[in-house]
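The values are calculated or read from the model by the stated rules, or taken from the named source; none is laboratory data. Treat the numbers as computed from the prediction; the structure is a model and nothing was measured. Neighbour counts run over all protein chains shown; Cβ positions are idealised from the backbone, glycine included. Ligands, DNA and RNA are excluded from the accessible area calculation, which covers all protein heavy atoms including side chains. Shrake-Rupley method; radii C 1.70, N 1.55, O 1.52, S 1.80 Å.
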Amino acid sequence: MDNIELRIKKLSEELNKHNHNYYVLNNPSISDFEFDKLLAELIDLESKFPEFKQSDSPSQRVGSDISNVFKTLTHEFPMLSLGNTYSESELNDFHNRIVKEIETEPEYVCELKFDGASISVSYENLKYSKAVTRGDGTQGDDVSENIKTIRSIPLSISGENIPDKFEIRGEIIMPHKVFDNLNKIREENGESPFANPRNATSGSIKMLDSREVAKRNLDCYFYYMMGKKLSANTHWESLQNLKLWGFKTSEHSKLCKNISEVHDFIKFWDKERKNLPYDIDGIVIKVNSFAQQEIMGFTAKSPRWAISYKFKAEQVSTKLLSIDYQVGRTGAITPVANLEPVQLAGTIVKRASLHNADQIAILDIRVNDMVFVEKGGEIIPKIVGIESRNENSQPTQFISHCPECGTELIRPEGEARHFCPNSDHCPPQIKGKIEHFISRKAMNIENIGEETVALFYETGLVRSIADLYKLKKEDILPLDRMAEKSADNIINSIEKSKEVSFDRLLFALGIRFVGETVAKILAKAFKNILNLSKASKEELMQVDEIGEKIAESIIEYFDNKEHIKLIADLMNVGLQFETQEVENKLLSNKLQGMSIIISGSFKNYSRDEIKSVIEKHAGKNVSSISKNTDLFIAGENIGPAKLEKAKKLNIKIISEEEFREMIK
Ligand code: IVH
């Protein structure tokens, strides 16, 4: 064998072994620096001699630029779910059913029930071959490229008695640390945080770019081998085999000799789960012997030899110190409890949601009470009841005036929430308007996030939308953490926004009920802001899709002198207050005669931009899929149903990158 080929092979083997030691055995055998050096050498050699790249090369762990279009694959064995139990007595019923059927006391394997996303991974001839999501249990998405980036999942395996071809089931999870870090970064970038690690995991494995998945630091525990149970007679043995072959299995699984040991295991983990570095939502109990499993068989949905015991949502009690009232962008008031810090489900909780005035009244929640706090699916924990009352406590009086601007609150009929009606002068509402104005679908002013808006507002630099266009580099440079380059970027993107079309500007103004689509309709119908501002309710309602509610809101908006002043100011700085008759000059005929559908969000274009690019290249943009559609451009986060339909109709599906290539 050629020297280079040999070196590539050796490096791959060695790096795979280090990966295994680090990610599966939690026992690093080499420093990160040495690892990175070896990996760099391998990547370099592979780029020069791609013919020698191994199919299980560790360089694949960083993802690839092949864009993911998730094919639907049918599971060879359906991915079943498990029956649930919530109490000791229900668990005893399960046990009694089994004893009756198999006529003896079985052994059980108890496992943690990982709260992530289930996955089915296949191996062929000792090599990773594919990974498919659960989907509807019968069919799932082919996420092979993404799952390859999870370093605890072996790309090649070795050991004795390994079947040529097999499928193995496990759970992809995101550890708490990784989750917290991811959400921190998302918030810094102005993206909405994930509600919990489970959502973050499912979102991650369906990302279109596997290089992004690689950065998510997911992990995977395997718990079930499908098909021929070669070389094992029990589930416990098969778990040991999996471990020997290189898979990560849970170190906490336990072989229980009888049902009483199962109860002990559950009790132990109900308390201990809060010390785990990842979420679990219960315990899975499986009959150990395959022969006994076979007697029990399956129902249509789940095995009759296994069950899950679900933990109750974790609750703690703590003291309610005070209640804050937050004002949202729309003026909605949310009462928030400040609590004596307390440990709950892996994090320290200091604040909890109190929903609204009714909720406080129904539970009669008072400052100084000891209250129960629970973590549900949401990020913010909630107060679910009172443990004990402080003798001297006073009933809570919901505030009558806005804590930010002092305006009297209103509670519209049929609304559970109170609102501050001072929408043009109340600081959080102004900041909210500015954030909306600069957002991607509106003026798309990049480089300004929520924090920068707050900073601009607090320093007095920007107190209204119009102030954005008065900003100079010298004004913002002295601000905390403002680098020269960021200042330049901000000024440039504000300048660039002057080109944004009338319909998007109309949307950006934040007129109630005027969303993206309505703004487009209005811009098309009235051509400029003057016509729109003069239109009567009847004239407005004559326009297709404009109803009474929208018409009234528009009239109200233009009835306000401050809004007129704002528009005048924005006109003066040169924003586009009329529809430009777009010159329909074609850039090319590359998409001539093609009916094209777009779906999802795109990296390089807003949805409108990509539509106009399609038209500029002579293509026709269509909004619903039919057999006459020629091309489907798949962005990120597309709905599975749409994609499914496109596949069924055999429509050519391409990624954003492929589209760019096409029109280049
Ligand atoms: S066994 C045929 N074991 O729970 C039995 N499932 O409600 C297949 N899960 O879809 C499942 N931890 O995503 C099994 N140790 C564990 C598990 C586990 C988490 C998930 C899995 C499954 C769901 C069933």
key: Formal net charge of residues neighbouring Cys110 (Cβ-Cβ distance under 12 Å; K, R +1; D, E -1)   = +1
ask   = Radius of gyration and Dmax for segment 99-236's Cα atoms, expressed in Å?
value = 17.5, 60
task = Would you mind checking segment 268-311 for residues with the amide N under 13 Å from a putative spin-label position 7 Å along Cα→C-beta of Leu255?
result = 288-290
request  = Distance between Cα centroids, segment 387-448 to segment 474-528: provide it in whole Å.
outcome  = 24 Å
Gain on full stretching of the segment that runs from Asp608 to Lys184 - 0.36 nm per residue minus C-alpha separation = 149.6 nm
message = Give me the net charge for the shell around Ser623: Cβ to Cβ below 15 angstrom, other residues only, Lys and Arg +1, Asp and Glu -1.
response = +1
ask   = What is the ratio of the Cα radius of gyration of segment 455-505 to 2.2 N^0.38 Å, where N is its residue count, to two decimals?
value = 1.20
task = Could you give the C-alpha radius of gyration of segment 205-315 expressed as a fraction of 2.2 N^0.38 Å, taking N as the number of residues it contains?
result = 1.25
query = Which value in Å is the Kirkwood Rh of the chain over different Cα pairs?
reply = 29.5 Å
query = Stokes-Einstein at 25 °C, 0.890 mPa s, Kirkwood radius from Cα pairs: D for segment 1-46 in µm² s⁻¹?
reply = 224 µm²/s
query = Two-decimal Rg/Rh of segment 389-546 from alpha-carbon positions, Kirkwood Rh?
reply = 1.08
key: Compactness of segment 546-664 - radius of gyration and Dmax, Cα, Å   = 19.2, 55
ask   = Given the convex hull over the Cα atoms of segment 380-426, what projected area results after averaging over all orientations, in nm²?
value = 5.5 nm²
inquiry  = So, R0 is 41 Å and r is the distance between the beta-carbons of Lys267 and Ile348; what FRET efficiency does that work out to, to 0.05?
reply    = 0.95
task = Run a plain Debye calculation on segment 286-362 (Cα atoms as equal point scatterers, no solvent) and give log10 I(q)/I(0) at q = 0.12, 0.17, 0.28 Å⁻¹, rounded to two decimals, same order as the q list.
result = -0.59, -0.76, -1.22
key: Simple label model, 7 Å out from Cα along Cβ direction - Ser493 to Ser393, nm   = 4.5 nm
ask   = Taking all protein chains as present, what is the carbon and sulfur share of the accessible area of the chain, in % to the nearest whole number, probe 1.4 Å?
value = 49 percent
request  = Can you tell me the order of 430-440, 566-576 when each peptide is scored by its average per-residue count of other Cβ atoms within 10 angstrom, highest first?
outcome  = 430-440, 566-576
inquiry  = If Rh is defined by the Kirkwood formula over all Cα pairs and Rg also comes from Cα, what ratio Rg/Rh do you get for segment 298-434?
reply    = 1.12
message = From the Cα trace of segment 594-664, what convex hull volume per residue do you get, rounded to a whole Å³?
response = 74 Å³
Residues of type lysines that Lys267 reaches as a straight line, Cα spacing below 23 Å, ignoring anything fewer than 8 places off in the same chain = Lys113, Lys254, Lys257, Lys286, Lys310, Lys312, Lys375
key: Angle between the chain longest axis and helix 427-438 axis [Cα atoms, degrees, rounded to 10]   = 80 degrees
Solitary cysteines of the chain, where the nearest other Cys Cβ is not under 4.7 Å = Cys110, Cys220, Cys256
request  = Would you please put 349-357, 179-187, 477-485 in order of how densely packed they are, using the mean number of other Cβ atoms within 10 angstrom per residue and starting with the highest?
outcome  = 349-357, 179-187, 477-485
ask   = So for segment 319-393, what percent of the C-alpha to C-alpha distances run longer than 15 Å?
value = 53 percent
Residue-count net charge about Leu471 - beta-carbon cut-off 14 Å; Lys, Arg +1, Asp, Glu -1 = 0
Distance (nanometres) between label positions extended 7 Å along Cα→Cβ at Glu538 and His401 = 4.5 nm
ask   = In nm, what is the difference between 0.36 nm times the number of residues separating Glu41 and Glu237 and their Cα-Cα distance?
value = 66.6 nm
inquiry  = Let me check against my output: what whole-number percent is the relative contact order of the chain, with C-alpha pairs under 8 Å and at least 6 apart?
reply    = 10 percent
ask   = Extent of segment 70-151 along each principal axis, from alpha carbon coordinates, in Å, largest to smallest?
value = 44, 28, 25
query = Do you know the relative contact order of segment 1-124, to the nearest whole percent, from alpha carbon pairs under 8 angstrom that are 6+ apart?
reply = 21 percent
ask   = Which of the peptides 310-323, 129-142, 617-630 is most tightly packed, and how do the rest follow, going by the mean number of other Cβ atoms within 10 Å of each residue?
value = 129-142, 310-323, 617-630
query = Per residue, what volume in Å³ does the Cα convex hull of segment 489-612 take up?
reply = 151 Å³
ask   = Cα-based Rg of segment 460-552 per 2.2 N^0.38 Å, rounded to two decimals?
value = 1.42
task = Please work out how much length the chain gains when fully extended from Asp569 to Phe290, using 0.36 nm per residue of separation minus the C-alpha to C-alpha distance, in nm with one decimal.
result = 92.7 nm
